[in-house]
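Working notes, structure below.
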Amino acid sequence: MSAAPVLNFITGNANKLSEVRTILEPAGITVRNQPLDLPEVQGTLEDVTRDKCRAAAAAVQGPVLVEDTCLCFDALNGLPGPYIKWFMQSIGHAGLNNLLAAYDDKSAEAVATFGFSQGPGHDVLLFQGRTKGKIVPPRGPTTFGWDPIFEYDGQTYAEMDKSAKNKISHRFKALEKLRAWIEAGGMKA
């Protein structure tokens with residue numbers, strides 16, 4: 001019998017850590033946490049995650065899991081995309097809504113891309129989940145990033161019960177792919 005899988009999730013975001021644990025730990029996957037301040041390159045959603053994963057593996061000198069979350073506005077050809085963290089910090093919920101003020105199209109896609117590496121020099125494997133929604137004026141608690149402005153099926157992520165969100169979110173969809181890979185024996189030493 002093999003030991004239960006353990007993931008070293010590199011994040012300083014307590015909300016992300018909580019969601020990842022809530023989704024993976026019932027499947028018998030232990031999630032440890034190590035916050036590291038990693039540089040983020042410019043590039044595609046996948047490029048940003050691969051680079052972050054390589055840097056984390058080098059810093060930790062072992063296996064790591066990283067995540068990059070994007071919010072892609074259809075009217076802006078996918079922007080702010082992987083730069084949503086910086087847009088949020090600079091212009092907030094109101095500013096993000098203002099970016100779409102001139103457009104009728106308020107549709108958006110939430111994208112989570114997880115990168116896993118066994119360590120320095122190993123390939124980075126990507127697991128991506130996407131959820132379609134739309135951008136709305138903020139509703140619900142403002143404690144987790146852009147959740148108050150991303151609406152799915154009539155509710156913003158912020159308005160949803162956490163367990164309901166964790167069944168449909170971009171992060172859940174990506175973690176389901178990761179879980180299936182682990183259960184298929186993907187984390188061999």
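Considering only DSSP beta bridges with both partners in the chain, what is the antiparallel share in %, to the nearest 5?
Bridges in the chain are about 85 percent antiparallel.
Mind ordering 162-173, 109-120 by average Cβ neighbours within 10 Å, highest first? Intermediate results must be reported in sequence, preceding the final value.
On the way: 162-173: 17.6, 109-120: 21.2.
In decreasing order of mean packing, 162-173, 109-120 become 109-120, 162-173.
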Summing -39500 (n - 2.57) over every DSSP H run of at least 4 residues in the chain and dividing by its residue count gives a helix-only mean residue ellipticity at 222 nm, to the nearest 500 deg cm²/dmol, of -10500 deg cm²/dmol
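Distances over 22 Å make up what percent of all Cα-Cα pairs in the chain?
45
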Accessible area per residue for region 1-106 in Å², computed with a 1.4 Å probe and the full protein assembly in place, what is it? 52
Looking at the chain as a GNM with Cα springs under 10 Å, which of Tyr103, Tyr157, Tyr83 has the largest mean-square fluctuation? Tyr103
Helix 45-60 sits at what angle to the longest principal axis of the chain, using alpha carbons and giving 0 to 90 degrees rounded to 10? 40
Label-zone membership for region 27-70, site Ser90, 7 angstrom Cα→C-beta point, backbone N under 17 Å: 40-44, 70
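Note down the net charge around Ala57, summing +1 for each Lys or Arg and -1 for each Asp or Glu among other residues with Cβ under 13 Å from its Cβ.
Cβ neighbours under 13 Å give a net charge of +1.
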May I ask you to list the lysines whose Cα is less than 23 Å away from that of Lys177, ignoring any residue fewer than eight positions away on the same chain? Lys16, Lys52, Lys132, Lys162, Lys165, Lys167, Lys188
Computed on alpha carbon atoms, what radius of gyration and Dmax characterise region 23-122, expressed in Å? 16.0, 48
Highest mean packing first, using Cβ neighbours within 10 angstrom, the peptides 140-153, 28-41 sort as 140-153, 28-41
Taking protein heavy atoms only, a 1.4 Å probe, and rounding to whole percent, the accessible area of region 123-162 owed to carbon and sulfur comes out at 49
Using only the alpha-carbon atoms, how far is helix 84-99 inclined from the longest principal axis of the chain? Give it as 0 to 90 degrees, nearest 10. 20
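The values are calculated or read from the model by the stated rules, or taken from the named source; none is laboratory data. As the structure is a computational prediction, the values presented were derived from the model and not from experiment. Cβ atoms come from the backbone with ideal geometry, glycine included; neighbour counts cover every protein chain shown. Note: accessible area is taken over every heavy atom of the protein model, side chains too, but ligands, DNA and RNA are not part of it. Shrake-Rupley method; radii C 1.70, N 1.55, O 1.52, S 1.80 Å.
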